[in-house]
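Here's the structure, in structure tokens; my notes come after.
Every read-out reported here was derived from the displayed coordinates using simple, explicitly stated rules and does not represent laboratory data. Computed from a predicted structure; not experimentally measured. Note that each Cβ is placed from the backbone with ideal geometry, even for glycine, and that neighbours are counted across all protein chains shown.
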There are 2 protein chains.
Amino acid sequence: MSETKTSDKTIFNISKEKNLSDWYSEILKTADLVDLRYNVKGFLVHRPYVMKIIKKIYEIWEGALEEKGHEPVLFPVVIPPENFEMEKEHVEGFTPEVFWVTEAGGDKLTVKLALRPTSETAFYQMYNLWIRSYTDLPLKSYQSCAVYRHETKATKPLVRGREFLWIEAHDAFATEKEARAQVAQDMEITKKVLYDALGIPFIFFKRPSWDKFKGAEETYAADSLMPDGKLLQLPSTHYFAQRFSKPFDIKFEDSDGNKKYVHTTSYGPPIWRTVAALVMVHGDDRGLVLPFAVAPVQVVIVPILYKGKEKAVAEKCKKIVDVLGREGIRVKLDDSDKNPGEKYYYWEMKGVPIRLEIGPRDVSEGVVVAVRRDTGSKEKVKDEKLAERLTEIADDTLKNLRERAEKRMMGSIKKAATLKEIETIVETGIAKVNFCSTDATGEACAEKIKEIGGEVRGTWFGKDDDVNPLGSSPTTNVSRNNDGVNPKGCVVCGKKAKCVVYVGRAY
Amino acid sequence: MSETKTSDKTIFNISKEKNLSDWYSEILKTADLVDLRYNVKGFLVHRPYVMKIIKKIYEIWEGALEEKGHEPVLFPVVIPPENFEMEKEHVEGFTPEVFWVTEAGGDKLTVKLALRPTSETAFYQMYNLWIRSYTDLPLKSYQSCAVYRHETKATKPLVRGREFLWIEAHDAFATEKEARAQVAQDMEITKKVLYDALGIPFIFFKRPSWDKFKGAEETYAADSLMPDGKLLQLPSTHYFAQRFSKPFDIKFEDSDGNKKYVHTTSYGPPIWRTVAALVMVHGDDRGLVLPFAVAPVQVVIVPILYKGKEKAVAEKCKKIVDVLGREGIRVKLDDSDKNPGEKYYYWEMKGVPIRLEIGPRDVSEGVVVAVRRDTGSKEKVKDEKLAERLTEIADDTLKNLRERAEKRMMGSIKKAATLKEIETIVETGIAKVNFCSTDATGEACAEKIKEIGGEVRGTWFGKDDDVNPLGSSPTTNVSRNNDGVNPKGCVVCGKKAKCVVYVGRAY
């Protein structure tokens, strides 16, 4: 039965492993995710298939945020300069990228307005009005929206654009301790969504002082390894201390009767980049491989028709569509005129997690053939066990995707004692090095590393070699675990190393 | 048991019937729907309670659109002038309201960009690329987004603003017939959402030529009567013929081998105004009255505590939260320290459709007391019947809200034979008049009606007095049903009346 054989052809002539960049461009087009032909540079059109994935990702992330007490809000897209300029580092950092609305109708606006590049300074304007007492705290809000940045770096669809989709959560607390606890909770939320639901591994690095979000006291960012050995920054969470609450005068009356400034944090789950990571991390030479949770089509049914036996097969297919639909599974019956092989290629390329093949023999045996997208493995499943077994296959698939990606990412981390070694390691992964300091004094050494193509991504939050636990300053010597990567000290300057940092190439 | 008595106080000192405008401002603030203090004129902040309602409304409308074959997409917020200027009437109509992005970073953009006031000219740019063959048709896409219009009229929260939330569906067809059928289907979708799910009655009027969407061949718009006797325009659907497909060169090769221009339509469900209509139409002097489908809290439980018997009541409340939660009902247990009366006022004001009161006697009797928000009526419901009965009450409530609103709207329509009569009728409702013409020749008469505060909203689509059925020109004489409203002819000029139109004051 040649029609039921799983395809051993790849639909592309491009190998994902050998040429990720071309493969990525090709799959975005072939799977019809985005269209880059819109006639404004850096802006793209989201096609239905990616919108369906995006809506699911939003749902999962919004759910995880709401479970932790965040409430949905929506602020204006425009931010007046008087807000935007409140925090010096913030405005200096973002100004080079801001789009300005300056005219309406035929007239110049009296004050030009920023298209939000991020909304701290919109939210805080209102937090000043909303927060009066300690009973108003914590205040935890998020919005799902697009933001606008006039990127000068090359744009890459779903990775870097002048308009991109994200969530931004802005939280205010009575104490530093609670704000820092929020940063840790943001990491938990990240794990729940990216790792648990979508199988994407990541490491939270505390970014060096020169690579913080502009205006932040501390920035923690999740990096994930893409198959070309480059790191993609996923959500980041920022502790602002009172850097914004002071200029915005966000004070509350505490239970002790004193007026105090709040401590704020922000957290930015990047919806776009989550899609990009799903595509790059899980995909293969046949196309997309989507986790069950976000697949627009979770199960595709391909009837195997033989002359004279079409009716029984068609009936069974319809029945299974009903059964699975009732279980809340997004199922698609492909009863088009294409031959089964073509259908296999197409739905494999689209990343559908499970394919069901149903032929005359399956009707008489009371089974269906289920084929896993990630491994291509096949099994016969009894009709009455179908929904249950599909859920198990979906779970197994997710586990497999997650383990594969995690093994690759963690296995790519290698110790380096010289710049030369860093250069080699970052070709395919992450270099672990002793480093003088992640405060301003270390920036010159980081520049040297940049010259050979690596970026200092920071200290690994929570790891045994992390001498920068949440809230501490990077002053401790590397003593617990320098495991000889460079006994002489900083990999660049050779001076006493205060920390272990991780270095990679980055998107 | 005074605590269990339904409040007979109103929380406002403002009567909705006597002063809708003040009542509306007050409820938006008291129910914490929006905050108008953001420091850019015409832009507002959406608070969590309204965002939860809005998310549900989006879900319902998107579902109804997808059921009819529309697919989700998302286009850029910016539209280049070369697109925007393609259709003459369109650009002339919208230009006075367009916000322009002219700078990025420190630099002037070489081409300024329009913030989308509506996206026909963004979509059609891509439809030109996407449509090649009759097999690509129909092409039906929608996006959920905010649009931007520099309104010079006074803004009103959720009714008219410089940034507002809506959906826009843009469809392309091979033939005029299919495009016109889409216009009719848009009306069906409108009914399914507004009338069936949310209990908001409306009438689709074919707008006179001078009140069409700019660029449309024909515009049909749903008006709903607000309690102050003014009409609120809800969705509108437009037939464009080939007015856009020609300048955008959107052609397809038909099955006969010939290249033809597509016929397009667009449809705009206004999410903001749907909320405004829910608030104004269903609300009462106690506050919001929300239909079950969109209520952020569908059922609130208020425990009635007596000393020594708290535990049994608390346990029952928790159990019911679990039971209803499992049924997918959004249930909230108010176990705050407020007294029951305060809780009643608060949740009534928030529009929660059903309140459950649970005291010690209800525990021993195995019942709960259910109170309907719309009528205030109470009943005892047996524990084991609870979920089922709540669904019935929800359905009954919706039916009651719908009937009440419909009776009011339809009852407000009165025949007028003179301008003086129109003036009186439009104080509280809709005047029905004979009118010379809804093409350009009638505009002068419409101006006369405007002088006395009325607007000609058009002919009633599909009604027996409608001599403008979908697709016909308004040339027929009023013969079928002029029922003597003005046997002499047009209510203004007295010339031969070609149609019956409806006149009202409008938002």
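A few points about this structure:
- J(HN,Hα) series, segment B:358-363, from Karplus relation 6.51 cos²θ - 1.76 cosθ + 1.60, nearest Hz, glycine and proline x: 10, x, x, 5, 5, 5
- A simple rule links phi to the HN-Hα coupling: the Karplus curve 6.51 cos²θ - 1.76 cosθ + 1.60 with θ = phi - 60°, which for segment B:418-435 gives 9, 4, 4, 5, 4, 4, 5, 5, 6, 4, 10, x, 10, 9, 10, 9, 6, 9 Hz, with x for Gly and Pro.
- Among A:W23, A:T190, A:A497 the positive-end extreme of the charge dipole of chain A (Cβ point charges): A:W23
- Here the spin labels are modelled as points 7 Å beyond Cα on the Cα-Cβ line, and at B:D107 and B:Y507 they lie 4.4 nm apart.
- Note on segment A:236-267 and segment A:295-318: Cα centroid distance 60 Å, given to the nearest whole angstrom.
- When each of B:H170, B:H70 is scored by the number of other beta-carbon atoms lying within 10 Å, the sequence from fewest to most is B:H70, B:H170.
- Positive end of the dipole of chain B (Cβ unit charges, origin at the Cα centre): among B:F164, B:N434, B:I79, the Cα lying farthest that way belongs to B:N434.
- Taking amide H atoms as placed 1.01 Å from N in the peptide plane, the amide H of B:I301 lies under 5 Å from those of B:K332, B:L333, B:D334, B:L356, each 5 or more residues away in sequence or on another chain.
- From its DSSP helices (H runs of at least four residues, each -39,500 (n - 2.57)), chain B gives a residue-normalised ellipticity at 222 nm of -9000 deg cm²/dmol.
- Cross-linked pairs A:K214/A:K246; A:K191/A:K332; A:K153/A:K212; A:K307/A:K343; B:K177/B:K251; A:K156/A:K212: Cα-Cα separations exceed 27 Å for A:K191/A:K332.
- A:K251 label point (Cα plus 7 Å toward Cβ) to equivalent points in the other copies: 7.1 nm, shortest first.
- D (Stokes-Einstein, µm²/s), Kirkwood Cα radius, segment B:292-396, 1.002 mPa s at 20 °C: 158
- Placing a label point 7 Å from Cα along the Cα-to-Cβ axis, A:Y507 is separated from the same position in the other copies by 4.2 nm, shortest listed first.
- Under 5 Å, built H, 5+ apart or other chain: amide partners of A:I430: A:I413, A:K414
- Centre-to-centre separation between the Cα atoms of segment B:89-153 and those of segment A:436-455: 44 Å.
- In summary, the helical segments of chain A meeting the span-like criteria, namely a full DSSP H run, a Cα extent along the axis of 18 angstrom or more and a mean Kyte-Doolittle hydropathy of at least -1.0, are A:48-67, A:176-190, A:310-326, A:386-411.
- Shape summary of chain A, radius of gyration then Dmax from alpha carbon positions: 25.6, 85 Å.
- For A:G458, the residues 5 or more places off, or on other chains, whose built amide H falls under 5 Å of its own are A:Y502.
- DSSP-loop chymotrypsin sites (Phe, Trp or Tyr not before Pro) across segment B:268-350, with at most 14 other Cβ within 10 angstrom: B:Y306
- In this assembly of identical copies, the label point of B:K420 (Cα plus 7 Å along Cα-to-Cβ) is separated from its counterparts by 10.5 nm, sorted shortest first.
- Aspartates and glutamates with Cα under 17 Å of A:K259, excluding same-chain neighbours fewer than 8 positions away: A:D136, A:E176, A:D249
- Modelled spin-label separation between B:K450 and A:T30, with each label point placed 7 Å from Cα along the Cα-to-Cβ direction: 5.8 nm.
- Sorted ascending by nearby beta carbons within 10 Å, beginning with the fewest, A:I304, B:I271 become A:I304, B:I271.
- Test item: Cα-centred dipole of chain B, Lys/Arg +1 and Asp/Glu -1 on Cβ, debye: 1100
- Put a plus charge on the Cβ of each Lys and Arg, a minus charge on the Cβ of each Asp and Glu, and nothing anywhere else: the dipole of the protein assembly as shown about its Cα centre is then about 220 debye.
- Test item: B:87-98 mean partner chain Cβ contacts at 10 Å: 1
- Backbone geometry of segment A:99-114 corresponds, through the Karplus equation with coefficients 6.51, -1.76 and 1.60 at θ = phi - 60°, to 3J(HN,Hα) couplings of 7, 10, 8, 10, 9, 9, x, x, 9, 6, 6, 5, 10, 6, 10, 7 Hz, x marking Gly and Pro.
- Cβ-Cβ FRET estimate between A:N400 and B:N128, R0 fixed at 45 Å, reported to 0.05: 0.55
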